[in-house]
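A quick write-up on the structure given underneath.
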Amino acid sequence: DENYIYNNTIDSNAGVSLQLWGENNMADSNLVTRGLDDGISVGGIGNLVYRNMVDTNSGNGIVIGNAAGNEVVLNSITWNGEYAIYVTGTMNDDTITKNNISTSDSAVYSDIVDTWIDLTRNYWGITNEDTIYNRSGGPGRDSIVWIPYRLGLVDTTPLADTVAPETVTIVSADT
């Protein structure tokens, strides 16, 4: 384990394009597009899926299953054939946040009914809460926590969400 998959283009793959199963693996800054199955599949413990573009795959964008302590952060998951995020099996302390998720009608699926699935602070491409809820599915649909959510796109460029803003300069003028 402990593999680092960085800055690759995986295009038009016949199976699942990128799989992180095991412990402490990292997929960073990869372009995963037009695969005939799921884009990225994650399972195991302590894996990080970070700053990837997962776009127009025939299956799901990112599948997370039988997982613990994994992070899916700062990814763009757009226009995949099935769900953008598909959660299955068991989960414990996984983080799915600060992602841009754009899809026509299938954003997130969960078959986990006894555990809260934290999908807060993601951008869903819309801000209508009824529509966001209606884009979720599966028997664990009501276990998905997606509020609060982002009102605009997440800046997924390197270090974008970790750099503090400039200090505000106060200007006053006598009139």
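Structure values in brief
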item	result
Region 122-145 residues that are within 19 Å of residue 65 (Cβ to Cβ), paired with ones that are outside any loop (DSSP other than H, G, I, E, B) and open to solvent by 70 Å² or more (accessible area, probe 1.4 Å) (beta carbon under 6 Å, 6 or more apart)	145/118
Matching residues in region 73-112 - criterion: being assigned to a loop (DSSP other than H, G, I, E, B), closer than 17 Å to residue 131 by Cα and aliphatic (A, V, I, L, M)	84, 107
Residue count for region 4-16, restricted to those that are exposed (fewer than 13 other Cβ atoms within 10 Å of the Cβ) and part of a loop (DSSP other than H, G, I, E, B)	4
Members of region 56-71 found to be over 12 Å from the mean Cα position of the chain (by Cα), under 15 Å from residue 16 (Cα atoms) and without any contact (Cβ under 8 Å) to a residue 40 or more places away in the chain, listed by number	56, 58, 65
Residue 16 being at pLDDT below 95, out of contact with any Gly (no Cβ under 6 Å at 6 or more places or on another chain) and of a type outside the set (Lys, Arg)	yes
Pick from region 54-73, criterion aliphatic (A, V, I, L, M) and open to solvent by 10 Å² or more (accessible area, probe 1.4 Å), ranking: farthest from residue 35 (Cα to Cα)	68
Leading residue by the ranking (farthest from the chain's Cα centre (by Cα)) among those in region 86-101 that are open to solvent by 30 Å² or more (accessible area, probe 1.4 Å) and under 23 Å from residue 56 (Cβ atoms)	88
Residues of region 17-53 classified as hydrophobic (A, V, I, L, M, F, W, C) and open to solvent by 20 Å² or more (accessible area, probe 1.4 Å), total	7
Check on residue 112, over 17 Å from residue 54 (Cα atoms), open to solvent by less than 70 Å² (accessible area, probe 1.4 Å) and touching a Ser or Thr at 6+ places or on another chain (Cβ under 9 Å)	yes
Residues (of a type outside the set (Val, Ile, Thr) and touching a residue at least 40 places away in the same chain (Cβ under 8 Å)) located in region 3-19	17
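Conditions (1) over 15 Å from the mean Cα position of the chain (by Cα); (2) without any contact (Cβ under 8 Å) to a residue 12 or more places away in the chain; (3) over 20 Å from residue 141 (Cα atoms), marked per residue:
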| site | (1), (2), (3) |
| --- | --- |
| 26 | no, no, yes |
| 35 | yes, no, yes |
| 77 | no, no, no |
| 84 | no, no, no |
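The values are calculated or read from the model by the stated rules, or taken from the named source; none is laboratory data. Keep in mind that this is a model prediction, so the values were computed, not measured. With ideal geometry, Cβ positions are generated from the backbone for all residues, glycine too; neighbour counts draw on all protein chains shown. Note: accessible area is taken over every heavy atom of the protein model, side chains too, but ligands, DNA and RNA are not part of it. Shrake-Rupley method; radii C 1.70, N 1.55, O 1.52, S 1.80 Å.
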